[in-house]
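Engineer: Below you will find the structure I want to go over with you.
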Ligand SMILES: NC(=O)c1ccc[n+]([C@@H]2O[C@H](COP(=O)([O-])OP(=O)(O)OC[C@H]3O[C@@H](n4cnc5c(N)ncnc54)[C@H](OP(=O)(O)O)[C@@H]3O)[C@@H](O)[C@H]2O)c1
């Protein structure tokens, strides 16, 4: 399969390039510097030159608090970008898979959000991502939207990759205890994205690791325990105490009715995925130190 990955320098983008390469795909990754997805002519040139069978869009402006104070940049990266990719995919008859977020929901539901739940974002980031889903789907029928949440993996700027080194240095840590989501390991997400490329069935998928979900505190405590680090360093805080510019959904756990109907194998439990991540992190820390 000939695959183009946008946002290839990011946490998920890197995992997707790696996954597709290990599959033997002809994969071309564009990082932000080599392709700005909100620039029409750059998108057209990149896709017309590459002629992919599938485009996996991992590019987004993911700074949730930054988006709150610059809705223009959020709209360009998260809404216009997917729309331009979809329109160009239509021109070359390529499948588009574009990643979205659990933050399209407001968090007021008890239990898991499915495709039957009406999105109602409460932040600029969430609104821009929902707009991106809709504009991409309107521009091109062969669009798959993949919502995910609480993504973690090696090498990114995510919560866990900074937590473990800080705990290793004995620094005090804080984790929010009253916000729950479904943790998702980037390599597991990448594997499912590649499977969905083969399935080629348009629609909205929710892709997360299995389990009942976790708060950031649950997640952090489990990681510290698995890494053999001192969890007494961790202080639980509430979302309100964190004073972040952007509101966040208190519950954004996802469940995928489509994957169940298609009998796709459930992704591993998040604790199993976390164990893989922690052992890789510990391995790279000891190699570096
Ligand atoms: N991380 C999570 O917990 C999470 C949860 C749910 C959904 N998601 C979604 O998952 C996807 C991948 O996110 P991630 O975690 O891999 O985030 P990430 O590490 O921040 O990667 C996003 C990449 O997109 C690039 N980018 C930003 N604006 C761009 C533009 N206009 N054109 C091209 N590239 C651009 C960024 O480059 P620069 O850094 O150079 O700007 C970055 O390399 C996104 O759609 C995100 O909304 C993430």
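The values are calculated or read from the model by the stated rules, or taken from the named source; none is laboratory data. Just so it is clear, the structure is predicted and the values come from calculations on it, not from any experiment. FYI the Cβ positions are ideal-geometry reconstructions off the backbone, even for glycines, and counts take in every protein chain you see.
Engineer: Is at least one residue of the stretch 105-121 crowded, with 22+ Cβ neighbours inside 10 Å and within 12 Å of the ligand (Cβ to nearest atom)?
Structural biologist: yes
Engineer: Only residues that are out of contact with any helix residue (DSSP H, G or I) (no Cβ under 7 Å at 6 or more places or on another chain) and at pLDDT 95 or above: list them for the stretch 238-249, please.
Structural biologist: Of the residues in the stretch 238-249, the ones out of contact with any helix residue (DSSP H, G or I) (no Cβ under 7 Å at 6 or more places or on another chain) are 238-243, 247.
Answer for the stretch 238-249, where residues must be out of contact with any helix residue (DSSP H, G or I) (no Cβ under 7 Å at 6 or more places or on another chain) and at pLDDT 95 or above: 238, 247.
Engineer: Follow-up question, since we're still on this one. Counting just the residues of the stretch 1-15 that are within 16 Å of the ligand (Cβ to nearest atom) and part of a loop (DSSP other than H, G, I, E, B), which one comes out surrounded by the most Cβ atoms within 10 Å (Cβ to Cβ)?
Structural biologist: Filtering the stretch 1-15 for residues that are within 16 Å of the ligand (Cβ to nearest atom) and part of a loop (DSSP other than H, G, I, E, B), the one surrounded by the most Cβ atoms within 10 Å (Cβ to Cβ) comes out as 7.
Engineer: If you don't mind, another one. Of these, 203, 155, 168, which one is surrounded by fewer than 19 Cβ atoms within 10 Å (Cβ to Cβ) and closer than 30 Å to residue 90 by Cα?
Structural biologist: Residue meeting the stated conditions: 203.
Engineer: Only one of (1) in contact with a helix residue (DSSP H, G or I) (Cβ under 8 Å, 6 or more places away or on another chain); (2) under 26 Å from residue 45 (Cα atoms); (3) within 12 Å of the ligand (Cβ to nearest atom) is not met by residue 86, so which one is it?
Structural biologist: For residue 86, the failing item is (3).
Engineer: Now for a different question. Tell me which residues, restricted to the stretch 16-37, are near the ligand (Cβ under 8 Å from one of its atoms) and not in a loop (DSSP other than H, G, I, E, B).
Structural biologist: Within the stretch 16-37, the subset near the ligand (Cβ under 8 Å from one of its atoms) is 30-33, 35-37.
Matches in the stretch 16-37: 30 only.
Engineer: Hey, another quick one. Can you find, within the stretch 16-28, the residue that is surrounded by the most Cβ atoms within 10 Å (Cβ to Cβ) among those that are more than 20 Å from the chain's Cα centre (by Cα) and without any contact (Cβ under 8 Å) to a residue 24 or more places away in the chain?
Structural biologist: In this case the residue turns out to be 22.
Engineer: Before we move on, is residue 240 without any contact (Cβ under 8 Å) to a residue 24 or more places away in the chain and over 28 Å from residue 20 (Cβ atoms)?
Structural biologist: The answer is yes for residue 240.
Engineer: If you don't mind, there's one more thing I want to ask. Would it be correct to say that residue 57 is within 10 Å of the ligand (Cβ to nearest atom), under 20 Å from residue 195 (Cα atoms) and in contact with a helix residue (DSSP H, G or I) (Cβ under 7 Å, 6 or more places away or on another chain)?
Structural biologist: So residue 57 fits the description; yes.
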